[in-house]
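The values are calculated or read from the model by the stated rules, or taken from the named source; none is laboratory data. Here the structure is a predicted model, which means the values were calculated and not measured. Please note that ligands, DNA and RNA were not included when accessible areas were found on the heavy atoms of the full protein model with its side chains. Shrake-Rupley method; radii C 1.70, N 1.55, O 1.52, S 1.80 Å.
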Amino acid sequence: MEEQINKFNWTAFIETTVVNFFQENEMEKLTLEDGKGNKAKLSRQKDNTIKVESTSTSMY
């Protein structure tokens, strides 16, 4: 259950706070890693949309 909450928190963090930061600072690329296996890559596309690739790791 805790892993599901952490996965949601990571995804929610990326899709809100990080995307807003990326947009506000007019960035082209950004890579994040939380040290627990969760990673995200953001990149600005030619049509000015933001592509987000996110992975999360669960440990049992």
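Brief remarks follow.
- Entry remark, the stretch 18-60: residues being among the aromatic types (Phe, Trp, Tyr) and either open to solvent by less than 100 Å² (accessible area, probe 1.4 Å) or assigned to a helix (DSSP H, G or I) (or both) number 2 in total.
- Scanning the stretch 1-17 for residues that are modelled with pLDDT under 90 and either over 12 Å from the mean Cα position of the chain (by Cα) or open to solvent by 90 Å² or more (accessible area, probe 1.4 Å) (or both) yields MET1, GLU2, GLU3, GLN4, ILE5, ASN6, LYS7, PHE8.
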